[in-house]
Every structure is written in C-alpha cells, then in structure tokens.
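Below is one structure; the comments refer to it alone.
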Amino acid sequence: MDDVRMNSGAGVYFDGRTSARHDAQVALGRSSLQIAGADGRPLGEWRYDEIEALSAPDNILRLGRRGSAVLERLEIADPKFAALIDERAGNVDRSGTLQRRQRLRVIGWSISATASLLLVAYFGVPAIAARLTPVVPAAIERKLGDAVDMEVRGVLDSKHTGDKFECGRGDSERPGRAALDKLVQRLETAAALPLPLRVAVVRRGEANAIALPGGRIYVFRGLIAKADNADEVAGVIAHEIGHVAHRDGTKRVLQGAGLSFLFGMLLGDFVGGGAVVYAGRTVLQSSYSREVEAAADIYGAELMIRAHGNARALAVMLGKIGGATEPGMKILLDHPQTKARIAAINRIAPSSPGTPFLDETEWSALKRICTG
Amino acid sequence: MTSLEASVPAGGVQFLGQRGAYWRLLVRGAVLLMLTLGIYRFWLATDVRRFLWANTQIAGETLEYTGTALELLIGFLVAIAILVPVYAGFFVGALELGTLGQMSSMIAFAALFLLGQYAIYRARRYRLTRTIYRGLRFHQEGSAWRYAIRAVLWWIVTVLTLGLAYPFQLASLERFKMRNTFYGDLAGDFAGSGFRLFLYGLPMWFLVMAPLVLAVAAFVNEVDWGALAAVISQGGDDMMARIEGSNPALASAIVFAMLMAGTSVAMAALLYPAFQALVLRWWSSGLRFGAITVHSKLRVRRVYAAYMRFLWYAILFSILLAIAAVPALAVVGALTGDDQAGALGEAVATGILLVGYVVAALGFSTVYRATVLLSLWQLGMESLQLSGLSALDRVKAIGAPASAVGEGLADALNVGGY
C-alpha cells in the first residue's frame with residue numbers, strides 16, 4: 001500500500017559516545033539501515049544482520065548493534081515502521097518466539113536439575129556418608145564428638161548448670177554412678193568396641209538417650225525414672241552402643257553437611273527457601289534414621305543376648321516411651337513405626353529374663369543418681 | 001511527537017509500566033521458581049529489572065537494563081566456588097581449635113556479615129554498569145572492601161545506640177556509594193544530611209522505644225532482685241514456684257512487659273510505611289549528578305495506600321489458601337491418621353505440607369512485590385523533580401561492564417536486593 005512512504009521513518013539516535021540526543025531520519029536500504037541527522041548528515045549505517053532489539057517499554061523498538069563496545073542506540077516509536085525493520089532484521093524478535101524457546105529450554109533443564117538434586121539428596125548423600133564414615137580416623141571422630149558435645153550440651157543444658165548437668169558427681173550420687181559403671185562395663189565387655197565408651201546420666205526430664213560421635217552416650221534421667229528395672233536401662237544403652245558401633249553419629253554429621261550444602265547453597269535465596277531447606281533436611285534425615293534405628297535395635301538386642309541380659313527389655317522400654325527417641329521430629333509421626341520396631345526385636349530375642357544387670361540395692365542407687 | 005513531549009514536564013520522571021503486566025511476570029516467575037527449586041530466580045530477577053528499568057522514563061528517555069540471567073547464574077557459581085572453601089575452613093576450624101572452636105560460629109558470623117556488605121557493593125557495581133541511559137552506561141568506582149569495613153563499623157555503632165545512629169550510617173554509606181557513582185563522565189554525589197533524617201525520625205524512635213522503657217522500668221521497680229537471685233542460685237525443680245513466692249509482683253511485671261512489647265511492635269508496624277517514605281524522600285532528594293539535582297515530593301499517605309493494597313490482596317490470597325487447604329489437609333490426615341500408614345504415605349503427606357508452605361510463602365512475597373515494592377518504585381520515581389538537565393547534552397561515555405560475582409555472593413549470602 002504505502003510502501004514507498006514507509007521506506008523511511010523517524011527515530012531517535014544516541015551515538016554511544018555522548019549523551020546528546022539526535023532526532024534522526026532512518027532509511028531502509030537493501031541490506032542495511034541508513035541513519036541520518038535532521039540536517040541530512042549521515043550518522044551511521046547498520047547491517048540488518050548485526051541489529052539486535054533491546055529491552056524497552058512496549059511502545060518503543062530499541063535497537064543496538066550486536067557485539068559493539070559502543071552503546072549506540074536507535075529508538076523507533078512508530079509501530080508500522082518498527083514492524084518493517086523487524087521483517088528485515090533476523091535477530092530482531094518482537095514477537096518473542098526466540099526468547100520463549102530459550103526460556104523453555106532453561107525451564108526444562110532446571111526441572112531436570114531439580115530432579116537430579118533430589119535423587120542425589122535421597123540416594124547419593126547417605127551412600128557417600130556411609131562410604132566415608134569407615135575411613136574417618138578415630139582421632140578425628142573423637143574431635144568431632146567433642147565439637148558435637150559442646151553443641152549438644154549448649155542445647156540440652158538449658159539451665160546452664162555446667163558441670164552439675166551430669167549426674168553422679170555429688171557425694172550422695174556416687175553409689176548410683178558405681179551402679180551405672182557396673183552396668184556399662186558388662187555391656188562394653190560384650191560389645192568389644194575399638195574405642196572406649198563414655199556413658200553419663202544427665203539432668204533432662206525426657207525419657208531419652210543419645211549417642212554422639214566418638215563413643216559418648218547421654219542417658220536422660222527421665223528414662224531411668226520410666227524404667228522398672230536395670231535391664232530396661234541396659235537395653236536402651238545397648239541400642240545406643242549400636243549407634244556407636246555403626247558410627248551413626250559421624251555418618252549423621254556427614255549427611256547433615258552434605259544436605260546443608262546441597263539445599264542451602266544451591267537453592268539459595270528464594271522466599272521461603274530457608275524453611276524449605278530446614279524441612280527438607282529434617283525429612284530426609286529422619287528417613288535415613290528409620291533404617292538406622294532399626295539396625296541399632298537389632299544390634300542392641302543381640303548385644304543384650306551376648307551379655308546374658310533380658311533382650312526384650314528394650315522392646316518393653318520402647319513401648320513405654322512410644323518410640324519418640326528423636327526430639328523435634330514432629331513432622332513425622334513415630335507411633336506407627338514403634339509397633340514394627342517392637343515386633344522386630346521380639347522376633348530375634350528369646351523370652352528368657354537372663355541374668356539381671358544389677359541387684360535391688362544397686363538398682364535403687366541408680367534410680368537416685370540425680371538426686372544430689 | 002510534539003504533543004507527547006509537551007505533556008512531559010522537562011525535569012519529570014514517569015513510570016510507564018502496567019500493573020497487570022508486572023503481576024503476570026511475577027506470578028509466572030513464582031510458579032517457575034517452585035518448579036525449578038529456585039534456579040529460575042536469575043531469570044526472574046533479570047525480567048523484573050528489565051521491566052522496571054525500561055518503564056522508567058527520565059526527561060523523555062527510558063532506562064535500559066542490559067544484564068542477562070546467564071551472567072547472574074555464572075556469578076552465582078563463582079560465588080559458590082569462593083564460599084565452599086570458606087565454609088569448609090570454618091568447619092575444620094571448629095574441629096581443630098577445640099575450645100576456641102566455640103567462638104568459631106561468632107567468627108563465622110562476623111566474617112560472613114563483612115562478606116555480605118562486600119557483596120552488596122559489588123552487586124551495586126554490576127547493576128549500575130548494566131544500566132544504560134541515552135546510550136551511556138553508569139559505573140561505580142571505589143574499593144568494595146573499604147565499603148564493607150565502613151558498613152560493618154557503622155552497623156556496630158547503630159546497634160549499640162539502639163538505632164539512633166542509623167540516619168548517620170545511611171548518610172555516610174550513601175555518600176561513599178554516590179561519590180563513587182558515575183553516569184558516563186558525570187560524577188555523582190550525595191547531599192542528604194544524616195542529622196536532618198535523625199530529626200525526622202526521632203519522634204518515631206521515641207514512639208517505638210517508650211513502651212520498652214516503661215517495661216524495663218516496671219521490672220526494675222517491682223522485682224526484688226536479691227530474692228530472685230537467691231532462688232535461682234538455689235536451683236531445683238520447684239524453682240518457678242519459689243520465684244513466685246518470693247516475688248509476688250513478678251507475674252504482673254511480666255504481663256505488663258509483654259503488653260508493652262506488643263505495643264512497641266504494633267507501633268513499629270504502623271510507623272514503618274511512614275519511615276520508609278521518609279527515608280525514600282530524604283534519599284532521593286540528596287542525589288546529585290554533576291549539576292543535576294533531584295528533589296522528591298513523595299507523599300507519605302500514598303505509601304500507606306500501597307500497604308493497604310498489599311493487605312487487601314494478602315487477605316484475598318489467604319482466603320484462597322484456606323479454601324485449598326481443606327482438601328489438602330484431608331489427604332494428609334487420611335495418609336497419616338491410620339496406624340498402619342507406611343513410610344511412603346508419610347513422605348507424600350510431608351510433601352503436601354511442604355508444597356503448601358512454599359505456595360504460601362511465595363504467594364505472599366509475590367503480592368508484596370507486586371503491590372508495595374512496585375508502588376515504592378513508581379511513587380519514588382514519579383515524585384522526582386530534576387533540575388540542571390542541560391548537563392545531559394554533553395556527558396561523555398566512560399566505564400566498562402563489571403562482573404556479576406558480587407550479585408552471586410549477595411545471592412548465596414541472602415543479602416540480595418532488586
């Protein structure tokens with residue numbers, strides 16, 4: 001129609017050397033755009049294949065030259081004339097088709113990266129941690145244990161009692177400590193671990209016990225209060241010795257470091273990312289810990305058999321405390337699992353009561369280990 | 001053309017962007033962020049900046065953002081390469097140093113805070129060198145480490161003075177930034193006075209602090225500290241009961257303190273938009289480029305209006321969330337309520353809860369960005385009156401694009417901005 005008139009149009013030109021604004025007349029040549037000033041002086045000639053469209057408001061086509069160190073800019077406000085340039089310049093992509101295709105590729109790759117990240121977190125991290133744990137030297141495991149111990153004490157010892165946090169140090173608590181040592185000695189002999197155990201009762205009300213890397217085990221006073229005899233306490237300690245023997249504490253630290261890295265660093269800073277990182281870690285670590293707990297149960301029951309104790313005592317104790325051995329894991333309900341754990345222990349444990357770990361006086365001394 | 005130019009005041013700034021387009025951009029971005037576990041953030045950040053820059057028209061010409069998402073991604077990967085050894089060093093240090101290791105988390109916090117400030121300055125350099133106006137780029141000089149040390153020292157002073165030094169901190173850091181900022185060969189400067197902002201902000205500071213002071217005063221007067229110390233040093237299980245016995249006024253003092261703390265928080269929330277408007281107006285009025293001066297006429301009530309819009313959309317979104325939560329929670333209940341629920345059921349249930357959480361967090365943040373942040377940009381820009389613009393006819397190009405490592409560090413350390 002008006003093709004003749006449309007062979008040229010108005011534009012605004014910036015030469016990229018100064019900020020001066022030039023009203024320009026733009027002519028469509030055979031293979032290039034010819035830009036001239038209002039006075040007719042030539043300002044530039046751009047080949048169609050070196051023209052690119054740049055970010056601009058919707059009603060303006062902003063052009064530049066690809067790979068040019070000088071930021072020359074040509075702005076076209078007339079939509080009809082802009083469309084004519086778009087037709088001629090292959091890299092100008094006003095409809096956004098090229099960009100959309102590129103975006104889709106990015107999205108596709110990101111989603112597959114996400115999938116592989118999750119697979120690595122679920123299968124890779126525990127596998128790597130399990131391979132690495134045996135080659136961690138005992139000296140390092142001990143140091144790791146000391147570092148973890150400091151953290152754990154900081155969290156558990158909420159009243160900042162310091163040295164008094166451990167029971168069995170006061171004068172009236174000594175007999176209890178002796179009874180605990182006797183009980184642990186029998187288990188330790190049967191277990192024949194390569195490293196010495198350091199078992200202590202601490203002033204915490206929950207019915208729980210934890211094993212740290214490097215052979216440290218803390219039994220909470222609440223557990224002793226819930227137990228009806230020494231074998232039940234011994235059963236739980238045997239379970240924790242299982243964690244020590246399997247070096248689960250070290251494995252857990254390695255897994256935690258791996259997961260922190262995967263989720264924390266790579267996912268970075270999108271809103272809610274922090275909580276997702278935390279929840280993801282908790283869920284994954286507790287999914288690892290199901291198998292770990294089951295293995296420690298079996299070890300504990302077998303250790304009790306070797307020590308000639310009541311191998312079912314651990315199952316009895318589990319039933320009492322509902323299997324809630326992991327504080328702060330409320331995302332996953334532990335109760336359904338407890339029944340399965342009790343059944344698994346009872347499958348391998350004979351129902352004979354065995355030889356009691358402590359006599360009546362020793363047991364009542366142990367019950368008073370935290371009274372000082 | 002002439003009619004269009006006549007409608008734009010000579011020294012005016014206009015925002016041309018459509019709210020609808022920005023909403024679409026953000027909502028699509030939020031969905032993709034979720035699907036890609038956040039990797040899409042580099043593309044979203046680039047889209048957002050392109051939109052804001054391109055639609056900001058200063059004296060008839062729009063800004064142009066030339067950064068790309070790929071640059072941000074590479075910057076982030078480089079930052080990871082820098083940070084991994086740093087984190088590993090902290091980990092090993094904590095193990096090797098024993099008791100000194102107890103301090104390692106404090107040292108790590110201090111070091112990462114310093115690094116964060118460093119990143120903020122480097123990221124600003126990246127953004128400035130990707131900002132083109134009339135065919136010339138902005139750039140930033142000055143040492144990022146010197147900025148970081150200055151910023152950390154100021155933060156310490158600000159915390160120690162309970163925020164009273166904050167206006168002086170802002171002024172000092174902004175002077176450092178702006179005196180190192182250039183548009184072509186046109187040097188920037190900052191003329192805002194910290195003391196003036198201090199005077200503006202002082203009444204707000206008193207309104208927020210007064211309830212807290214009353215709470216502390218109540219404690220000091222009402223509580224028998226000697227008796228309290230004696231009971232605590234005695235320890236034991238019945239400690240709480242004995243504390244109550246020895247200190248009958250303690251309970252009412254605690255209740256009063258909690259009420260006052262609540263008042264203080266409510267005050268802070270109510271005053272925050274006004275404070276934001278105040279700082280924005282003060283800051284923009286202090287900007288200088290050569291002979292070009294800026295004056296802002298931002299109205300505080302328009303910032304409140306933006307927050308009201310945020311509240312309105314947030315309530316709407318909450319209702320939608322609540323409606324969607326009913327079937328989701330029913331599924332979760334069905335999966336976990338049964339005693340025989342397997343590990344798979346629990347994993348699915350946990351997944352549903354996680355997705356719900358992420359949808360909520362991303363949703364509210366999207367609403368906030370599309371209402372408050374966009375309005376602050378638009379109001380901040382449109383309230384500007386520039387003078388001395390004739391300087392724009394003879395600015396010469398200097399400066400080269402800077403790398404995006406600072407952006408990557410800022411991202412990895414969670415101190416990113418726009």
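The values are calculated or read from the model by the stated rules, or taken from the named source; none is laboratory data. Keep in mind that this is a model prediction, so the values were computed, not measured. Cβ sites come from the backbone with ideal geometry, for glycine too, and all protein chains shown count toward neighbours.
Is it the case that residue B:292 is of a type in the set (A, V, I, L, M, F, W, C), under 29 Å from the mean Cα position of the chain (by Cα) and over 29 Å from residue B:365 (Cα atoms)?
Details: of a type in the set (A, V, I, L, M, F, W, C): yes; under 29 Å from the mean Cα position of the chain (by Cα): yes; over 29 Å from residue B:365 (Cα atoms): yes.
Yes; evaluated as a whole, the condition is true for this residue.
Taking segment B:386-415 as the search range and keeping residues that are crowded, with 17+ Cβ neighbours inside 10 Å and not aliphatic (A, V, I, L, M), which one is nearest to the other protein chains (Cβ to nearest Cβ)?
B:411
So which of A:66, A:41, A:73 ends up being loosely packed, with under 15 Cβ neighbours inside 10 Å and either touching a residue at least 12 places away in the same chain (Cβ under 8 Å) or of a type in the set (A, V, I, L, M, F, W, C) (or both)? Spell out how you get there, then give the answer.
On the way: A:41 fails: either touching a residue at least 12 places away in the same chain (Cβ under 8 Å) or of a type in the set (A, V, I, L, M, F, W, C) (or both); A:73 fails: loosely packed, with under 15 Cβ neighbours inside 10 Å.
Testing whether each residue is loosely packed, with under 15 Cβ neighbours inside 10 Å and either touching a residue at least 12 places away in the same chain (Cβ under 8 Å) or of a type in the set (A, V, I, L, M, F, W, C) (or both) leaves just A:66.
Against the definition (out of contact with any strand residue (DSSP E or B) (no Cβ under 7 Å at 6 or more places or on another chain), at positive phi and modelled with pLDDT under 95), how does residue B:142 come out, yes or no?
Numbers: out of contact with any strand residue (DSSP E or B) (no Cβ under 7 Å at 6 or more places or on another chain): yes; at positive phi: yes; modelled with pLDDT under 95: yes.
So residue B:142 fits the description; yes.
Is it the case, given these coordinates, that residue B:126 is within 26 Å of residue B:391 (Cβ to Cβ) and within 14 Å of chain A (Cβ to nearest Cβ)?
On the way: within 26 Å of residue B:391 (Cβ to Cβ): yes; within 14 Å of chain A (Cβ to nearest Cβ): no.
No.
Among the residues of segment B:20-52, write down those that are at the interface with another protein chain (Cβ under 7 Å from one of its Cβ atoms) and either of a type in the set (S, T, N, Q) or farther than 25 Å from residue B:359 by Cβ (or both). If you could, list the steps in order and put the result at the bottom.
Looking only at segment B:20-52, we keep the residues that are at the interface with another protein chain (Cβ under 7 Å from one of its Cβ atoms), and these are B:32-33, B:35-41, B:43, B:50.
Once the filter is applied, which keeps residues that are at the interface with another protein chain (Cβ under 7 Å from one of its Cβ atoms) and either of a type in the set (S, T, N, Q) or farther than 25 Å from residue B:359 by Cβ (or both), segment B:20-52 yields B:36, B:50.
Check whether at least one residue in segment A:189-196 is under 13 Å from residue A:368 (Cα atoms) and not charged (D, E, K, R), and report yes or no.
Of segment A:189-196, the ones under 13 Å from residue A:368 (Cα atoms) are none.
Checking segment A:189-196: not a single residue is under 13 Å from residue A:368 (Cα atoms) and not charged (D, E, K, R).
For the list (1) touching a residue at least 24 places away in the same chain (Cβ under 8 Å); (2) part of a strand (DSSP E or B); (3) out of contact with any Lys or Arg (no Cβ under 7 Å at 6 or more places or on another chain); (4) farther than 23 Å from residue B:396 by Cβ, I need the number of the one condition that residue A:52 fails.
So residue A:52 meets the others, but not (3).
Go through segment A:165-191 residue by residue and tally those that are touching a Gly at 6+ places or on another chain (Cβ under 8 Å), free of Cβ contacts under 8 Å to residues at least 60 places away in the same chain and surrounded by 15 or more Cβ atoms within 10 Å (Cβ to Cβ).
0
Only one of B:78, B:92 is part of a helix (DSSP H, G or I), surrounded by fewer than 20 Cβ atoms within 10 Å (Cβ to Cβ) and either polar (S, T, N, Q) or more than 24 Å from the chain's Cα centre (by Cα) (or both); which?
Details: B:78 fails: either polar (S, T, N, Q) or more than 24 Å from the chain's Cα centre (by Cα) (or both).
The match here is B:92.
Working only within segment B:53-75, note down all residues that are of a type in the set (Gly, Ala, Ser) and either buried (at least 20 other Cβ atoms within 10 Å of the Cβ) or more than 10 Å from every other protein chain (Cβ to nearest Cβ) (or both).
Restricting attention to segment B:53-75, the residues satisfying the condition of being of a type in the set (Gly, Ala, Ser) are B:54, B:59-60, B:67, B:69, B:75.
B:54, B:67, B:75 - these are the residues of segment B:53-75 that are of a type in the set (Gly, Ala, Ser) and either buried (at least 20 other Cβ atoms within 10 Å of the Cβ) or more than 10 Å from every other protein chain (Cβ to nearest Cβ) (or both).
Restricted to segment B:10-61, and to residues that are in a loop (DSSP other than H, G, I, E, B) and free of Cβ contacts under 8 Å to residues at least 40 places away in the same chain, which residue is farthest from residue A:62 (Cα to Cα)? Full working, then the answer.
Looking only at segment B:10-61, we keep the residues that are in a loop (DSSP other than H, G, I, E, B), and these are B:10-11, B:16-18, B:36-40, B:55, B:59-60.
Okay, now just the ones that are also free of Cβ contacts under 8 Å to residues at least 40 places away in the same chain, so B:18, B:36-40.
Values: B:18: 19, B:36: 32, B:37: 34, B:38: 31, B:39: 29, B:40: 26 Å.
Top of the filtered list is B:37.
Scan segment B:296-333 residue by residue and report those that are charged (D, E, K, R) and in contact (Cβ under 8 Å) with a residue 40 or more places away in the chain. Give the steps one after another, and end with the answer.
We begin by selecting, within segment B:296-333, every residue charged (D, E, K, R); these are B:297, B:299, B:301-302, B:309.
Those that are charged (D, E, K, R) and in contact (Cβ under 8 Å) with a residue 40 or more places away in the chain: B:297, B:299, B:302, B:309.
Please specify each residue of segment B:65-78 satisfying the condition of being in contact with a Phe, Trp or Tyr (Cβ under 6 Å, 6 or more places away or on another chain) and of a type outside the set (Gly, Ala, Ser). Explain how you work it out, then say what you get.
Of the residues in segment B:65-78, the ones in contact with a Phe, Trp or Tyr (Cβ under 6 Å, 6 or more places away or on another chain) are B:65, B:69, B:72-73.
Those that are in contact with a Phe, Trp or Tyr (Cβ under 6 Å, 6 or more places away or on another chain) and of a type outside the set (Gly, Ala, Ser): B:65, B:72, B:73.
Could you please find all residues in segment B:73-91 being among the aliphatic types (A, V, I, L, M) and touching a residue at least 40 places away in the same chain (Cβ under 8 Å)?
Initial filter on segment B:73-91 (among the aliphatic types (A, V, I, L, M)): B:73-74, B:77-84, B:86, B:88.
Result: B:74, B:77, B:78, B:79, B:80, B:82, B:83.
Can you tell me which residue within segment A:148-174, out of those that are basic (Lys, Arg) and modelled with pLDDT under 80, is farthest from residue A:256 (Cα to Cα)?
Residues of segment A:148-174 basic (Lys, Arg): A:153, A:159, A:164, A:169, A:174.
From what's left, modelled with pLDDT under 80: A:159, A:164.
Details: A:159: 27, A:164: 30 Å.
Per the stated criteria, the residue is A:164.
Could you list, in sequence order, all residues of segment A:89-124 that are more than 30 Å from residue A:30 (Cβ to Cβ) and of a type in the set (Gly, Ala, Ser)?
Those that are more than 30 Å from residue A:30 (Cβ to Cβ) and of a type in the set (Gly, Ala, Ser): A:108, A:110, A:112, A:113, A:115, A:116, A:121, A:124.
Tell me yes or no: at least one residue of segment A:81-99 is crowded, with 18+ Cβ neighbours inside 10 Å, touching a residue at least 60 places away in the same chain (Cβ under 8 Å) and within 11 Å of chain B (Cβ to nearest Cβ).
no
Considering each of B:288, B:281 in turn, give the residue that is of a type in the set (D, E, K, R) and not in a helix (DSSP H, G or I).
Within the list B:288, B:281, the selection yields B:288.
So, in segment B:194-224, exactly how many residues are free of Cβ contacts under 8 Å to residues at least 40 places away in the same chain and closer than 30 Å to residue B:127 by Cα?
The total comes to 3.
Going by the structure shown, is residue A:20 surrounded by 13 or more Cβ atoms within 10 Å (Cβ to Cβ), farther than 30 Å from residue B:292 by Cβ and either away from chain B (no Cβ under 11 Å) or without any contact (Cβ under 8 Å) to a residue 60 or more places away in the chain (or both)? Working first, answer last.
Details: surrounded by 13 or more Cβ atoms within 10 Å (Cβ to Cβ): yes; farther than 30 Å from residue B:292 by Cβ: no; either away from chain B (no Cβ under 11 Å) or without any contact (Cβ under 8 Å) to a residue 60 or more places away in the chain (or both): yes.
Criteria not met by residue A:20.
Output the residues belonging to segment A:46-74 that are within 11 Å of chain B (Cβ to nearest Cβ) and among the acidic types (Asp, Glu).
Once the filter is applied, which keeps residues that are within 11 Å of chain B (Cβ to nearest Cβ) and among the acidic types (Asp, Glu), segment A:46-74 yields A:52, A:58, A:72.
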